[in-house]
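Worksheet: one structure, shown below.
The values are calculated or read from the model by the stated rules, or taken from the named source; none is laboratory data. Since we're looking at a predicted model, the values are computed, not measured. Neighbour counts run over all protein chains shown; Cβ positions are idealised from the backbone, glycine included. Side chains included, ligands, DNA and RNA excluded: accessible areas come from the protein's heavy atoms. Shrake-Rupley method; radii C 1.70, N 1.55, O 1.52, S 1.80 Å.
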Amino acid sequence: MTTAHRTSILSPLAAAGWLVAALVPLEFANAAEDVPRRLPALENSTTAAPLATSPAYAGPPAIIDGPPPERLPPADPAPSGMPQLEPSLSPEIAPGIGPEELQPFEGSPLGPGLTEEELLFATPQKINPYKSGFFQKLSLSAAWIGNGNDPDNLGITEIETFLTVALPAPIKEWPVLITPGYNMYLLSGPGVTDLPPRLNTAYLDVMWLPKPFSRTTLVLAVAPSVFSDFESNDADMFRLTGKALVLYDWFPDKLQFVFGLLYLNRDNVRILPAGGAIWTPNDDFRFELIFPKPKLGARVNVGLGYEDWVYGTAEFGGNTWSIVRDTGLQDQVTYIDYRILGGYERKLNGGAGYRLEAGYVFGRSITFQSGIGDFDPQSSFILRGGLTY
């Protein structure tokens, strides 16, 4: 076989071999593409990364209620040479007041353990007119009724004092209040008739407050008393006074009705009817629409353990005393007046406090049992103040 003939036979075979050699790698490449590809492992990582999640809802943007308040600039540093203490190192909040002094007292609405809602909606304080123990009140008051520097007119200085204690009868919810008291009236003038320079009233008032029915309180009082100038020795100087009232609580803490009798046992008035209503529309107003002593009050200030009130009131004043006239005659004198007053009062818990009053006195008269020397003083002004512990 010639060389040219071999070449013609091998050429097709070589071409076929080269075609197979080219197709085999291509087929393996296509097969590799059909296998799912895996991401390369992270370097220096032993666990797979967690899937990304959406961030939690953090509420509305901070500017939804307007721009944030501006902060005050920091305080200027202390002058050179002055010590600068850190707040945590300051030994006192103020001279004599350390941090422990600012702890809330027991029972304070600012004490620990209260929520914000409890602080906002805490029950308002109530001033109790009575104490819880045996001792109740000790009171001293003084009043001045001027005579206008007229020697023919009547001026009076009144000094009144009393002490009140309480006992259960038979339980503390039905207390009996025992009140010994002494009043002194210093008289100036009048020159048109003879009056002693001083009149005296001493008494022992015993008052029982039972509650026989729901919402009903009885006020039963009797007071053996001495009304005298302490110069007279007749039996008329000893008199018995008292009262009997019913208090019905129609709407608790809002509306009460009062009715009953006052036994004054004076020469001009023996028995006087009493009654009316006590209306408290809210904590800032109290209207005692009671005859013979109405009182309209409004609270103008309140603080921790105290309340400040302004009020207007009217009174039926005077009494009957046994006296000795300048001639030595045993007699009885009756003084009467009507008073309209306005006042300011601070009430403390337990019935303590003080008051200041000013007003007008009119309808004044002096009558004697003998009918000798009756006199009508002129109208005047009155100033009065009192302190109760």
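Restricting the search to the range 258-280, which residues are part of a loop (DSSP other than H, G, I, E, B) and β-branched (Val, Ile, Thr)?
Narrowing the range 258-280 to residues part of a loop (DSSP other than H, G, I, E, B): 264-270.
The answer is Val269, and nothing else.
Quick check: anything in the range 168-183 surrounded by 15 or more Cβ atoms within 10 Å (Cβ to Cβ), touching a Lys or Arg at 6+ places or on another chain (Cβ under 7 Å) and either small (Gly, Ala, Ser) or in a strand (DSSP E or B) (or both)? Within the range 168-183, none of the residues are surrounded by 15 or more Cβ atoms within 10 Å (Cβ to Cβ), touching a Lys or Arg at 6+ places or on another chain (Cβ under 7 Å) and either small (Gly, Ala, Ser) or in a strand (DSSP E or B) (or both).
Just give me the residues in the range 261-285 being charged (D, E, K, R) and in contact (Cβ under 8 Å) with a residue 12 or more places away in the chain, in sequence order. Quick ask: steps written out before the conclusion?
Our first condition is that a residue be charged (D, E, K, R); within the range 261-285, this holds for 266-267, 270, 283-284.
Residues satisfying the conditions are Arg266, Asp267, Asp283, Asp284.
If you go through the range 306-336 and keep only what is open to solvent by 30 Å² or more (accessible area, probe 1.4 Å) and not in a strand (DSSP E or B), you end up with Asp326, Thr327, Gly328, Leu329.
Phe362 meets each of the listed conditions (1) open to solvent by 60 Å² or more (accessible area, probe 1.4 Å); (2) on the phi > 0 side of the Ramachandran plot apart from (2). Of all residues in the range 237-260, those that are of a type in the set (Asp, Glu) have Cβ atoms under 7 Å from Cβ atoms of residues that are open to solvent by 40 Å² or more (accessible area, probe 1.4 Å), 6 or more apart or on another chain, in Asp249/Arg215.
In this entry, Ala202 is excluded by the filter for residues that are touching a strand residue (DSSP E or B) at 6+ places or on another chain (Cβ under 9 Å), surrounded by 17 or more Cβ atoms within 10 Å (Cβ to Cβ) and in a strand (DSSP E or B).
Given the options Arg364, Arg346, Arg339, name the one that is among the basic types (Lys, Arg), over 30 Å from Glu231 (Cα atoms) and in contact with a strand residue (DSSP E or B) (Cβ under 7 Å, 6 or more places away or on another chain).
Checking each option against the conditions leaves just Arg346.
Does any residue of the range 224-247 turn out to be farther than 25 Å from Gly276 by Cβ, open to solvent by 20 Å² or more (accessible area, probe 1.4 Å) and among the β-branched types (Val, Ile, Thr)? There is at least one residue in the range 224-247 that is farther than 25 Å from Gly276 by Cβ, open to solvent by 20 Å² or more (accessible area, probe 1.4 Å) and among the β-branched types (Val, Ile, Thr). Residues in the range 225-257 that are within 39 Å of the chain's Cα centre (by Cα) and either in a helix (DSSP H, G or I) or more than 30 Å from Gly328 (Cβ to Cβ) (or both): 16 in all.
Being out of contact with any Gly (no Cβ under 9 Å at 6 or more places or on another chain), at pLDDT below 95 and among the charged types (D, E, K, R) narrows it down to one residue among Asp234, Asp284, Asp249; which is it?
From the options Asp234, Asp284, Asp249, the qualifying one is Asp234.
Counting only residues that are more than 20 Å from Asn153 (Cα to Cα) and open to solvent by less than 50 Å² (accessible area, probe 1.4 Å), the range 337-348 holds 4 of them.
Kindly indicate the residue of the range 184-199 that is surrounded by 17 or more Cβ atoms within 10 Å (Cβ to Cβ) and among the hydrophobic types (A, V, I, L, M, F, W, C) and also nearest to Glu160 (Cα to Cα) among those meeting that condition. Per the criteria, the residue is Leu199.
For residues that are surrounded by 15 or more Cβ atoms within 10 Å (Cβ to Cβ) and closer than 17 Å to Ala352 by Cβ, tally how many sit in the range 139-159. Walk me through it before giving the result.
Residues of the range 139-159 surrounded by 15 or more Cβ atoms within 10 Å (Cβ to Cβ): 139, 141-147, 150, 153-158.
With closer than 17 Å to Ala352 by Cβ added as a condition, the list becomes 139, 141.
Residues that pass the stated criteria total 2.
Checked across the range 258-270, the condition of being within 27 Å of the chain's Cα centre (by Cα) and of a type outside the set (Ser, Thr, Tyr) holds for at least one residue. Residue check: Arg270 meets all listed conditions (1) open to solvent by 20 Å² or more (accessible area, probe 1.4 Å); (2) in contact with a strand residue (DSSP E or B) (Cβ under 6 Å, 6 or more places away or on another chain) but one, namely (2). Kindly provide the set of residues from the range 287-304 that are closer than 23 Å to Tyr338 by Cβ and either open to solvent by 40 Å² or more (accessible area, probe 1.4 Å) or among the charged types (D, E, K, R) (or both), ordered by number. Once the filter is applied, which keeps residues that are closer than 23 Å to Tyr338 by Cβ and either open to solvent by 40 Å² or more (accessible area, probe 1.4 Å) or among the charged types (D, E, K, R) (or both), the range 287-304 yields Phe287, Glu288, Leu289, Phe291, Lys293, Pro294, Lys295, Leu296.
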